[in-house]
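These notes are about the structure you will find just below.
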Amino acid sequence: MAEFDPVRILRCLDDHEVRYVVIGAVAARLWGAPLLTADIDITPADDPPNLAALSAALRELGARLRTANEPEGVEFPIEPELLAAATSWTLTTRWGDLDLVFLPSGSAGYRDLIRDASNLRVSEQDGLTVMVASLSDVVRTKEAAGRDKDRAALPLLRKTLEESYRSRPGASSS
């Protein structure tokens with residue numbers, strides 16, 4: 001597998017016109033939180049046309065199921081109906097690990113997260129912009145997930161969120 005390159009993963013999704021919101025640590029990093037991660041998490045729209053576009057993108061990425069026992073992943077039939085049958089998928093691709101999370105903890109999925117998402121530039125080189133969950137939604141989903149790694153990241157995420165509120169025009173410095 002190649003070195004983790006989330007921009008190439010996102011570029012492929014964009015080329016296939018997949019509708020999704022970036023969530024998790026990559027979203028937090030795009031908002032300025034200094035978190036490290038080795039995968040990218042997205043919440044795709046779950047309507048049939050989008051699942052078909054997502055399936056095509058995953059085939060192009062060479063997506064395979066990520067398992068503890070198979071570092072290169074396990075082949076599976078990448079079909080829209082199969083993707084719709086689960087609320088999350090942990091995948092590995094030629095550009096690194098990709099998690100599809102249709103229903104992140106504490107959210108109602110794509111339609112919920114897209115409301116406060118922003119279109120952020122992820123690549124200066126080619127101008128790629130993608131929809132990124134708001135930092136408050138990232139905090140909300142990590143609080144609800146309650147995993148050790150999420151709880152460990154929350155103080156830093158809350159601090160980044162607080163600093164972003166303070167730096168807004170018209171914000172009080174009291």
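Read-outs: derived from the displayed coordinates by stated rules, not from any lab. Predicted, not measured: the structure shown is a model, and the values here were computed from it. Note: ideal-geometry Cβ built from the backbone for every residue, glycine included; neighbour counts use all protein chains shown.
Taking other C-beta atoms within 10 angstrom as a stand-in for reagent exposure, 67, 93 fall in the order 67, 93, fewest first.
Compared with the dominant Cα axis of the chain, that is its longest principal axis, helix 148-166 is turned about 50°.
Using the average count of surrounding beta-carbon atoms within 10 Å as a protection proxy, the listed peptides 99-110, 29-40 rank, highest first, as 99-110, 29-40. From its DSSP helices (H runs of at least four residues, each -39,500 (n - 2.57)), the chain gives a residue-normalised ellipticity at 222 nm of -12000 deg cm²/dmol.
What residue among 154, 74, 44 has its Cα farthest toward the positive end of the dipole of the chain, where the charges are +1 on Lys, Arg and -1 on Asp, Glu, each on the Cβ? Highest projection toward the positive end goes to 154. For segment 18-106, the pair-distance distribution built from all alpha carbon pairs, in bins 10 Å wide starting at 0, is 17, 49, 29, 4 percent. Could you state the angle between the C-alpha long axis of helix 6-15 and the longest principal axis of the C-alpha atoms of the chain, as a value from 0 to 90 degrees rounded to the nearest 10? Roughly 70 degrees, rounded to the nearest 10.
Stretched out straight at 0.36 nm per residue, the stretch from residue 59 to residue 115 would grow longer than its current Cα-Cα span by 17.3 nm.
Under the criterion of Cα pairs below 8 Å and six or more residues apart, the relative contact order for the chain equals 24 percent. Helix 135-145 and the longest principal axis of the Cα set of the chain meet at an angle near 60°.
Our estimate of slack between residue 14 and residue 90, defined as 0.36 nm per intervening residue step minus the Cα-Cα distance, is 25.4 nm. Max-minus-min Cα coordinates of segment 63-114 on each principal axis give 33, 21, 19 Å, with the largest extent listed first.
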